[in-house]
Amino acid sequence: MKIIMLGAPGAGKGTQAQMIADKYNIPHISTGDIFRANIKNGTELGKKAKEYMDKGLLVPDELTVELLLDRVANEDCKDGYVLDGFPRTIPQADVLDAELTKLGDKVDFAVNVDVPDENIVRRMSGRRACLKCGATYHIEHIPPKQEGICDKCGSELVLRADDAPETVQNRLSVYHEQTQPLIDYYDKKGILRTVDGTKDMKDVFDAIVDILNA
Ligand SMILES: [Zn+2]
């Protein structure tokens, strides 16, 4: 079973991807992990990718797909995989589609974890982090024992710049511009499945399992 996860940053698709991977015993593959592994192991593809990253440039789509295909050719992917964070754009999806077709392969499902922007902004702006020990909290879901103070080390908790509403809103704009067109793209291919990502993590997962088992 080959699955692509779609959804805005903060929609929880990474968590769901990991839960799918655990349940179906297939690898959870993120391009970030692939880049890191190839660079660490000093592979030829990794060296090429590192040249771009060292210059602060985006790794080109062709090279990213090459790294991805190299990863999914591994034995552990023979029963399938869950892609998280790739493709991000239509050109990437086209390259992936063309390369998989060459191998006589295809993606089975594109699972869209749908969460309205305002929910995501609310979720993220409730996060609190301890910059000293790295512990993370959420004012609604995982509150510290004493408001604004880290349970583990007693330091003051902060809202990270990354989680601030304006930063989140910017990321969502980029997502809507670049990645949301993929929803139509996979819908046209007949493999899009959308789940309501505003529900509890467990309920979202149950909905995904129903889709995958159908
Ligand atoms: Zn702390």
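Bear in mind these aren't lab numbers, they're just calculated from the coordinates by the rules spelled out. Bear in mind the structure is a predicted one, so any value in this text is a computation, not a measurement. Reconstructed Cβ throughout: ideal geometry from the backbone, glycine too, with neighbour counts over all protein chains shown.
Partner lysines whose Cα lies under 26 Å from the Cα of K152, excluding those fewer than 8 positions away in the same chain, are identified as K132. With both labels modelled 7 Å from their Cα along Cα-to-Cβ, the L159 to N25 distance reads 4.6 nm.
Each residue of the stretch 89-96 is assigned a 3J(HN,Hα), and the resulting list reads 9, 4, x, 5, 5, 5, 5, 4 Hz, derived from the Karplus form 6.51 cos²θ - 1.76 cosθ + 1.60 (θ = phi - 60°), x at Gly and Pro.
Rounded to the nearest 10 degrees, what's the angle between the helix 31-40 long axis and the longest principal axis of the chain, both from Cα atoms, 0 to 90? It works out to around 80 degrees.
With the biggest extent put first, the Cα atoms of the stretch 1-121 measure 40, 34, 25 Å across the principal axes.
Could you state the angle between the C-alpha long axis of helix 165-178 and the longest principal axis of the C-alpha atoms of the chain, as a value from 0 to 90 degrees rounded to the nearest 10? It works out to around 10 degrees. In the chain, the longest principal axis of the Cα atoms and the axis of helix 201-213 are about 10 degrees apart. For the chain, excluding the exposed loop sites themselves (trypsin sites (Lys or Arg not before Pro), DSSP loop, at most 10 other Cβ atoms within 10 Å), the longest remaining stretch covers 146-214. Computed about the Cα centre, the dipole magnitude for the stretch 123-177 is approximately 200 debye when only Lys and Arg (+1) and Asp and Glu (-1) carry charge, each at its Cβ. Under the criterion of Cα pairs below 8 Å and six or more residues apart, the relative contact order for the chain equals 27 percent. Convex hull volume of the C-alpha atoms in the chain, normalised per residue: 148 Å³. Distance from the Cα centroid of the stretch 67-91 to that of the stretch 14-32 is 11 Å (rounded to whole angstrom).
Subtracting the Cα-Cα distance of E166 and T198 from 0.36 nm times their residue separation leaves 9.4 nm of extension gain. Between N74 and K189, the C-beta separation translates, for a Förster distance of 30 Å, into a calculated FRET efficiency of about 0.75. Look at the dipole of the chain built from charges on Cβ: of N213, A135, P87, the Cα furthest out on the positive end belongs to A135. Averaging over all projection directions, the Cα-based convex hull of the stretch 63-145 occupies 8.9 nm² in the image plane.
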